[in-house]
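Below you'll find the structure, written out as structure tokens, and then a few comments.
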Amino acid sequence: MTHIPDDHPRYVSLKIREKIVEGVQMAITSMQGLVAQGRGEAFDYLIGERTIESAAVAERVAVAYLLIAQKPVISVNGNTAALVPRALVSLADIIGAQLEVNLFHRSDARVHRIIEHLKAHGAGNVLGLKGDARLDLSHDRAIVDQEGIYAADVVLVPLEDGDRCKKLVDMGKIVISVDLNPLSRTSLSATVTIVDNVTRALDNMVQFTKEMKKDSKEQLRSIIDSYDNRKILADAMYAIQENLKNQTEREGIEWI
Ligand code: ATP
Ligand code: MG
């Protein structure tokens with residue numbers, strides 16, 4: 001692992017990059033996952049590498065949905081397994097959700113390695129190897145576990161592919177996405193869109209769950225009922241615009 005000095009101006013971002021590279025070296029993250037991370041980094045830059053207020057709102061609503069769910073499932077891919085294994089396990093534990101490995105570039109060996117990686121970070125049972133049910137999709141993200149994603153009422157899909165996200169919504173599920181691009185097909189089709197880096201989002205959600213776990217069902221319902229996902233998307237785009245404008249002005253370049 002390359003040493004990143006902690007006074008480096010891009011320290012956090014570079015540390016995250018190192019984790020993804022480690023994921024590839026451990027053969028849990030695909031090579032394509034590196035490129036996906038790059039697309040995420042670009043959007044994180046635009047958004048100011050912080051949790052914007054509307055993302056924190058979406059994260060609380062996501063937690064409310066997960067807490068009232070009958071059968072919550074957290075979908076794990078190679079990028080999230082490399083970046084946030086401990087937070088995934090913590091969130092699943094305090095929510096009482098199942099973890100299920102689901103991959104675009106699927107092989108049983110890689111599913112197995114990710115399951116072992118999650119177990120090394122404290123996970124109990126992890127689904128994904130059975131693959132005994134199918135969503136109506138032409139790629140391998142269609143392969144799911146009958147008792148997991150297929151039967152779930154609420155699914156958290158950090159870094160999802162757009163067409164599977166839409167398919168899960170079409171099946172009547174509540175779908176919560178984490179995606180830094182507010183214009184991706186995933187972001188546009190999810191029930192709750194969290195426009196935040198998965199590294200910040202998962203930590204925030206663990207924290208919010210600890211706070212909200214004692215809330216009544218009615219309190220959680222009212223958090224959900226007052227939520228408007230279109231507003232959250234608009235706010236993320238506004239945040240990008242404002243961040244670009246401020247940065248442009250700081251550099252003495254005229255904003256047109
Ligand atoms: P879609 O299929 O939803 O239209 P896409 O094809 O543009 O999206 P994918 O390659 O399917 O994108 O997945 C990568 C997505 O994940 C990108 O939208 C990217 O912004 C986002 N992403 C990558 N890394 C992170 C991260 N660390 N945190 C949050 N989002 C991320
Ligand atoms: Mg895609």
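The table below gives the values:
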| item | result |
| --- | --- |
| Residue check, Asp140 more than 13 Å from ligand 1 (Cβ to nearest atom) and of a type in the set (Asp, Glu) | yes |
| Residue within the stretch 68-78 that is out of contact with any His (no Cβ under 9 Å at 6 or more places or on another chain), open to solvent by 10 Å² or more (accessible area, probe 1.4 Å), of a type in the set (A, V, I, L, M, F, W, C) and touching a residue at least 24 places away in the same chain (Cβ under 8 Å) present | yes |
| Residue, farthest from Leu118 (Cα to Cα), within the stretch 23-39, restricted to residues that are in contact (Cβ under 8 Å) with a residue 60 or more places away in the chain and open to solvent by 70 Å² or more (accessible area, probe 1.4 Å) | Arg39 |
| Breaking point among (1) within 20 Å of Ser107 (Cβ to Cβ); (2) touching a residue at least 60 places away in the same chain (Cβ under 8 Å); (3) within 12 Å of ligand 1 (Cβ to nearest atom), for Gly148 | (3) |
| Identity of the residue in the stretch 164-195, more than 7 Å from ligand 1 (Cβ to nearest atom), touching a helix residue (DSSP H, G or I) at 6+ places or on another chain (Cβ under 7 Å) and not hydrophobic (A, V, I, L, M, F, W, C), that ends up most open to solvent (accessible area, probe 1.4 Å) | Lys166 |
| Checklist (1) surrounded by 24 or more Cβ atoms within 10 Å (Cβ to Cβ); (2) within 16 Å of ligand 2 (Cβ to nearest atom) applied to Gly128, failing item | (2) |
| Check on Ala42, open to solvent by 10 Å² or more (accessible area, probe 1.4 Å), of a type in the set (Gly, Ala, Ser) and either farther than 26 Å from Leu129 by Cβ or in contact with a strand residue (DSSP E or B) (Cβ under 7 Å, 6 or more places away or on another chain) (or both) | yes |
| Answer from Glu53, Glu116 - the residue that is of a type outside the set (S, T, N, Q) and farther than 22 Å from Thr209 by Cβ | Glu116 |
| Residue among Glu49, Glu59, Glu41, Glu53 that alone is more than 15 Å from ligand 1 (Cβ to nearest atom) and of a type in the set (Asp, Glu) | Glu53 |
| Residue match in the stretch 2-17 (condition: among the acidic types (Asp, Glu), exposed (fewer than 15 other Cβ atoms within 10 Å of the Cβ) and without any contact (Cβ under 8 Å) to a residue 40 or more places away in the chain) | yes |
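The values are calculated or read from the model by the stated rules, or taken from the named source; none is laboratory data. Computed from a predicted model, the values in this text were never measured in an experiment. Heads up, the Cβs are rebuilt from the backbone with ideal geometry, glycines too, and the neighbour counts pull from every protein chain shown. Heads up: the accessible areas ignore ligands, DNA and RNA and are worked out on the full protein's heavy atoms, side chains in. Shrake-Rupley method; radii C 1.70, N 1.55, O 1.52, S 1.80 Å.
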